[in-house]
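Engineer: Can you keep this structure in mind? I'll have questions shortly.
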Amino acid sequence: MPKTVTQAEPPRPFLSLATAVPKPGQAVPSPCVGVCRMTEAGDLCQGCWRTREELRAWKASDDLSKLAVWRLVEQRQREAGLQPV
């Protein structure tokens, strides 16, 4: 019986507002990194660390709300053991 080789996922880089690049016309860049899938528990996006509600609300949110989401994104990563480089 052939063995199945599984690839370990590479460690995810720490997402930081300080290093995020806004698109033209954006004051606060989105934390989206194009990896749009939820965790097995369904509570967070595996790419950007946002909740479903934060994802839904992002486009209509003001800059203060977006900055608050960034703080939560960074906090969740630290709690998961990731550190800024």
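The values are calculated or read from the model by the stated rules, or taken from the named source; none is laboratory data. Nothing here was measured: the structure is a model prediction, and the numbers come from that model. In this analysis, Cβ positions are derived from the backbone assuming ideal geometry, glycine residues included, and neighbour counts consider all displayed protein chains.
Engineer: Among the aliphatic types (A, V, I, L, M), exposed (fewer than 13 other Cβ atoms within 10 Å of the Cβ), at pLDDT below 90 and touching a Phe, Trp or Tyr at 6+ places or on another chain (Cβ under 8 Å): is that true of V85 in this structure?
Structural biologist: In short, yes.
Engineer: Hey, can you tell me all the residues within region 71-85 that are part of a helix (DSSP H, G or I), of a type in the set (S, T, N, Q) and in contact (Cβ under 8 Å) with a residue 40 or more places away in the chain?
Structural biologist: Q77
Engineer: In region 50-70, which residue that is assigned to a helix (DSSP H, G or I) and acidic (D, E) is surrounded by the most Cβ atoms within 10 Å (Cβ to Cβ)?
Structural biologist: Of everything passing the filter in region 50-70, E54 is surrounded by the most Cβ atoms within 10 Å (Cβ to Cβ).
Engineer: What pairs can you find where one residue is in region 9-32 and hydrophobic (A, V, I, L, M, F, W, C) and surrounded by fewer than 12 Cβ atoms within 10 Å (Cβ to Cβ), the other is assigned to a loop (DSSP other than H, G, I, E, B) and at pLDDT 95 or above, and their Cβ atoms are less than 7 Å apart, with a gap of 6+ or different chains?
Structural biologist: Short answer, once both residue conditions are applied: V21/P29.
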